[in-house]
Amino acid sequence: MADAYDKLIFELSSPGRVGWSLPEADVPEADVHKLLPAKHLRRDAPDLPEVSEFDVVRHYSRLSRMNYGVDTHFYPLGSCTMKYNPKLNEDVARLAGFAKVHPLAPEASAQGALQLMHELAWDLAEIAGMDAVSLQPAAGAQGELAGVLMIRAYHHSRGEKRTKVLVPDSAHGTNPASTAIAGYEVVEVKSLPNGEVDVDALARTLDTDVAAFMITVPNTLGMFEPRIIEITELCHAKGVQVYMDGANLNAILGITRPGDLGFDVCHFNLHKTFTTPHGGGGPGAGPVGVKAHLEPFLPVPVVTKDGDEYALDWKRPRSIGKLQAFWGNFGMLVRAYTYIRTMGPDGLRSVSDNAILNANYIMKRLERDYDVAVPGPCMHECVLSARRQKRLGVTATDIAKRLLDLGFYAPSTYFPLIVEEALMIEPTETEAKETLDAFCDAMIQIAREAETNAAVIHDAPVTTPVRRLDQTKAAREPNLKWTRRG
Amino acid sequence: MASRYIANTPDEQKRMLGAIGSGSIEDLLVKIPPKARLARPLGLTPALAETDLIRHMTALAARNAHADSHVSFLGAGSYDHYIPSPINHLILRGEFFTAYTPYQPEASQGTLRSIYEYQTMIAELTGMDVANASIYDGASSLAEAALMAHSVTDRREIVLSRAVHPLYKRVTATYCEGPGVRLRDVPAPEGVTDLAAARQVVNATTAALVVQTPNFYGCLEDVAAAAEIAHAAGALLVVVADPVNLGVLEGPGKLGADIVVGEGQGLGVPLDFGGPNLGVFAAKNELVRRMPGRLVGATVDHDGKRGFVLTLQTREQHIRRAKATSNICTNVALCALMATIYLATLGRRGLVKVGELSTAKAHYAASRLTKVPGVSLRFTAPFFKEFALKLPKAPERVLPRLARQGFLAGVPLKTFDRALADCLLVAVTEKRTKAEIDAFAAALEKAVA
């Protein structure tokens with residue numbers, strides 16, 4: 001057992017302890033009961049814990065030890081690009097001139113922040129071969145929503161009332177969800193068994209009712225879509241806009257560009273390709289890039305440059321509007337900008353080269369012991385199937401849990417949905433060969449155990465702070481907050 | 001030149017390629033059609049060494065006025081509150097910082113426990129039954145609440161007070177465009193929602209009535225009366241509230257709110273030029289299966305030991321796809337962790353103190369600034385830590401002069417409401433001192449003279 005700690009902060013509370021330091025009031029009247037009408041005021045102080053500063057530090061330090069993170073463990077979560085998050089990015093993001101700038105500071109007093117945003121937008125546009133980029137979306141899913149809304153506004157501006165968006169059955173769940181919020185009927189398109197788009201079937205589905213086709217390149221099986229240019233041309237011939245889910249951009253930096261492939265829109269996940277930390281589930285940033293014909297519809301405001309002066313342009317009457325209150329997840333933009341400047345064009349190309357090399361190395365080392373979803377070479381990730389192990393009673397979940405005991409976080413499991421017992425492995429370029437070897441050794445060990453000693457897999461994990469958890473109980477009897485017993 | 005973020009050496013690359021059976025990395029790219037390939041290097045600035053990059057970034061940062069270089073009275077949804085030192089140290093622990101969504105709960109108990117604590121604290125502050133693990137920011141939380149109210153009531157109209165943050169309204173309008181949900185306004189001519197007008201507008205087509213308290217102008221709304229109006233029409237009441245104020249102000253849930261959303265940036269999250277922020281989202285129990293976003297629940301493990309998992313996931317996009325309650329996936333977990341550590345540190349008495357000091361200093365500032373000839377409060381309704389100040393001179397002429405003297409004097413309201421072109425929105429947190437406020441008043445007096 002890694003650590004037997006089992007406290008919540010509320011259980012450490014001792015009345016009278018304080019963890020904060022604030023000055024006494026220095027103004028004449030400090031009694032809120034004299035300043036505000038009673039009906040607005042709370043009768044009792046909120047039931048928050050009373051703990052010392054050191055209680056806080058030790059508690060959260062101990063909680064952190066109950067997590068695996070990229071800093072401590074290989075984290076091959078497919079589609080999430082769990083690469084190293086450079087420490088320099090954090091130093092830079094904490095400069096007061098970035099971290100302590102108010103969003104409504106006068107533009108003349110925020111020129112450095114606006115310049116950074118302007119340059120980052122151009123860098124991303126160059127990387128993706130797009131004409132313009134909005135940095136506002138807070139995460140990939142919001143970038144998707146923005147992109148689909150721009151497509152919708154574009155069709156409307158041409159007097160077209162298209163009602164459907166095509167999404168492959170191999171897509172991330174956010175694709176259909178974002179599309180539905182944008183007001184479209186989602187039509188799922190069956191992929192070929194190898195995960196590629198069935199181009200003939202697509203051609204039959206495309207009609208004047210289809211607003212967009214939304215696909216991930218490389219696809220969610222880690223393969224480049226070989227007929228992609230033909231596909232985007234086919235779509236354009238029918239007036240259909242083509243959206244690229246940029247989740248897998250880490251595979252193609254400097255190799256190929258969505259804009260050159262014919263895409264009209266694509267989003268970027270700065271927390272994947274551009275090293276901003278995943279933070280246990282965000283914050284991310286999901287900038288969205290578009291071709292010139294969609295530029296009038298970008299979210300407001302747009303950062304503009306006139307001579308040496310940067311400004312926020314709100315006068316964009318055809319804009320889809322706003323996605324979050326202010327200008328984007330600026331703190332993440334600072335980190336991504338720092339990373340791009342650190343790597344330069346050659347460095348970014350080398351990122352994709354090594355991400356591809358690492359994924360192919362893993363695929364090669366595991367192809368004898370696991371079924372490969374699609375024969376390689378793959379791009380930046382590979383998808384295996386545990387169908388062989390399943391016949392022995394060992395599922396993808398079991399393998400994931402056993403990996404935790406062997407000191408690795410797990411690959412994505414059961415995604416993409418079109419692969420039985422899927423294990424989606426994305427090593428990223430930042431991992432060294434010896435880590436990849438250790439992981440492959442563990443995977444091979446598990447394959448052997450499935451044949452000879454499945455109990456050790458079914459019992460896993462036993463080294464983590466808790467063992468397998470009862471998901472059914474959690475959903476049937478929701479317990480979503482702590483309550484004082486008795 | 002080799003990159004410090006990539007481990008493979010040329011020799012290791014060669015050995016790996018040998019194992020794969022490929023001659024070069026180029027051989028691995030065979031599936032990409034030649035005409036799809038980029039034939040030139042990316043047109044980006046060449047790589048900078050760490051020392052040069054720090055110099056460049058420091059120079060960029062130096063061109064921005066910030067909360068340490070100036071005395072700031074800027075608010076309007078983003079506030080310069082006290083951030084206890086441990087927060088930054090704790091969130092930087094790699095096990096928190098570099099983990100992702102806790103898909104493998106056994107190896108993510110730290111994140112899951114902290115989210116469970118967060119949900120508990122937010123439910124307590126807002127006076128609601130359940131809170132989710134976070135939405136992007138206050139504005140997108142309101143947008144999600146509008147869509148949720150639409151789906152719960154099967155009605156197509158959201159009625160918003162004009163005293164709700166105008167940028168939140170714009171975000172809500174963006175999200176409501178696709179589903180065809182209409183937005184209607186209720187006026188707030190005196191700085192608070194005109195409830196008589198609300199009663200006229202809210203009807204059987206209304207999915208939700210939305211008020212904010214303190215509202216965009218800093219004034220306190222009568223939430224109980226708004227709840228009565230919404231509920232009489234069978235609509236939900238959505239309240240936008242800032243949780244950092246809820247040590248002093250009553251939780252909207254206790255006053256009849258069905259959904260409480262808000263911006264949690266004040267809970268230990270840096271200003272960061274407006275993001276990332278922290279979208280707070282809390283609701284009544286009966287709405288829990290319609291909520292957007294992640295939820296963490298307590299359960300037991302194989303040995304009966306307490307543990308935590310993501311739960312009620314059939315609401316979410318990775319399971320329900322086009323029928324999900326929301327498209328949100330990545331949220332702002334790390335900002336929620338900052339808020340959790342903030343609320344643990346401030347605790348029962350500290351959060352009350354933050355609210356008391358902010359109120360006291362804001363009221364002192366209002367009385368002091370209105371002693372400047374020609375300067376007055378635009379509205380008479382009770383306010384909390386922010387107020388609209390009417391100036392005798394156009395704010396755009398006054399602000400640059402005050403900025404040069406070291407004051408970020410407030411947010412001009414002209415861009416939000418032409419009728420308030422002579423007004424400045426002034427926010428005062430517990431960080432401001434009497435001396436700063438007095439100096440600001442003196443500078444303002446000269447600037448408007």
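What follows is calculated from the coordinates using simple rules that are stated; it is not laboratory data. Computed from a predicted structure; not experimentally measured. Cβ placement follows ideal geometry from the backbone for every residue including glycine, while neighbour counts extend to all protein chains displayed.
Remarks
- For residue A:84, net neighbour charge (Lys/Arg +1, Asp/Glu -1) across residues whose Cβ lies under 10 Å away: 0
- Solvent-free Debye scattering, log10 I(q)/I(0), computed from the Cα coordinates of the protein assembly as shown at q = 0.08 Å⁻¹: -0.71
- Our analysis of the range B:12-122 gives Rg over Rh at 1.14, with the two radii drawn from alpha carbon positions and Rh computed by the Kirkwood formula.
- Whole-Å semi-axes of the ellipsoid equivalent to the range B:86-341 (Cα gyration tensor, √5λ, descending): 31, 20, 16
- Proxy reagent accessibility, fewest Cβ within 10 Å first, across B:176, A:378: B:176, A:378
- Per-residue Cβ neighbour rank within 10 angstrom, fewest leading, A:255, A:362: A:255, A:362
- Nearby lysines by direct alpha-carbon distance to residue A:315 (threshold 27 angstrom, same-chain neighbours under 8 apart not counted): A:161, A:291, A:305, B:169, B:390, B:393, B:414
- Each residue of the range B:406-417 is assigned a 3J(HN,Hα), and the resulting list reads x, 10, 8, 6, x, 9, x, 8, 4, 5, 9, 7 Hz, derived from the Karplus form 6.51 cos²θ - 1.76 cosθ + 1.60 (θ = phi - 60°), x at Gly and Pro.
- Values of log10 I(q)/I(0) for chain B across q = 0.08 Å⁻¹ run -0.56, by the Debye formula with one identical scatterer at each alpha carbon and no solvent.
- Residue ranges A:69-77, B:301-309 sort as A:69-77, B:301-309 when ordered by packing (mean number of other C-beta atoms within 10 Å per residue, highest first).
- Of all DSSP-defined beta bridges confined to the range A:89-342, some 45% are antiparallel rather than parallel.
- Hydrodynamic radius of chain A by the Kirkwood approach over all distinct alpha-carbon pairs: 25.0 Å.
- DSSP bridge pairs, the protein assembly as shown: antiparallel proportion in percent, nearest 5: 60 percent
- In chain B, a dipole from Cβ-located charges (positive for Lys and Arg, negative for Asp and Glu) runs towards its positive end, and of B:211, B:71, B:264 it is B:71 whose Cα lies farthest in that direction.
- Taking only Cα atoms of the range A:89-342, radius of gyration then Dmax in Å: 18.0, 56
- Note on residue B:12 and residue B:231: the extension gain reaches 72.0 nm, defined as 0.36 nm multiplied by sequence separation minus the Cα-Cα distance.
- Averaged over the residues of peptide B:122-134, the number of Cβ atoms from other protein chains lying within 10 Å of each residue's Cβ is 3.
- In order along the range A:254-264, the phi-based Karplus estimate (6.51 cos²θ - 1.76 cosθ + 1.60, θ = phi - 60°) of 3J(HN,Hα) comes to x, 9, 8, 10, x, x, 6, 7, x, 6, 8 Hz; Gly and Pro are listed as x.
- Measure of compaction for the range A:342-468 (Cα Rg per 2.2 N^0.38 Å): 1.09
- Values of log10 I(q)/I(0), in the order q = 0.09, 0.15, 0.20 Å⁻¹, for the range B:172-308 under a Debye, Cα-only, solvent-free model: -0.34, -0.86, -1.34
- In plain terms, the chain from residue A:420 to residue A:229 could stretch by 65.9 nm, reckoned as 0.36 nm per residue minus the Cα-Cα distance.
- With a cut-off of 9 Å between beta carbons, the residues surrounding residue B:19 carry a summed charge of +3, where Lys and Arg count +1 and Asp and Glu -1.
- Computed [θ] at 222 nm, helices only, for chain A once each DSSP H run of length n ≥ 4 contributes -39500 (n - 2.57): -11000 deg cm²/dmol
- Placed amide H near residue B:130: partners under 5 Å, 5+ positions off or other chain: B:283, B:285
- In this structure, the amide hydrogen of residue B:184, modeled 1.01 Å from its nitrogen in the peptide plane, lies closer than 5 angstrom to those of B:158, B:159, B:160, counting only residues at least 5 positions away or on a different chain.
- Pairwise label distance in nanometres, residue B:200 with residue B:367, each label 7 Å out on the Cα-Cβ vector: 3.8 nm
- 37 °C / 0.692 mPa s Stokes-Einstein diffusion coefficient of the range B:368-449, Kirkwood radius on C-alpha pairs, µm²/s: 256 µm²/s
- All Cα-Cα separations within the range A:9-64 were binned at 10 Å from zero, giving a P(r) of 18, 33, 31, 16, 2, each value a whole percent of the pairs.
- Among the listed pairs A:83/A:433; B:371/B:431; A:401/B:14, those beyond 24 Å (Cα-Cα): A:401/B:14
- Sorting A:484, B:93 from the fewest to the most surrounding beta carbons within 10 angstrom yields A:484, B:93.
- Backbone geometry of the range B:345-351 corresponds, through the Karplus equation with coefficients 6.51, -1.76 and 1.60 at θ = phi - 60°, to 3J(HN,Hα) couplings of 5, 6, x, 4, 8, x, 5 Hz, x marking Gly and Pro.
- Calculated mean residue ellipticity, 222 nm, chain B: -11500 deg cm²/dmol, from DSSP H runs (n ≥ 4) at -39500 (n - 2.57) each, averaged per residue and rounded to 500.
- For the residues of A:168-178, the average number of beta carbons from a partner chain within 10 Å of their own beta carbon is 5.
- Between residue B:401 and residue A:438, the FRET efficiency from the beta-carbon distance, with R0 = 45 Å, is close to 0.10.
- Residues in the range A:349-382 that a label on residue A:452 would reach, taking backbone N under 17 Å of a point 7 Å out along Cα→Cβ: A:369-370
- Exercise: per-residue mean of other protein chain Cβ atoms within 10 Å, B:15-27: 4
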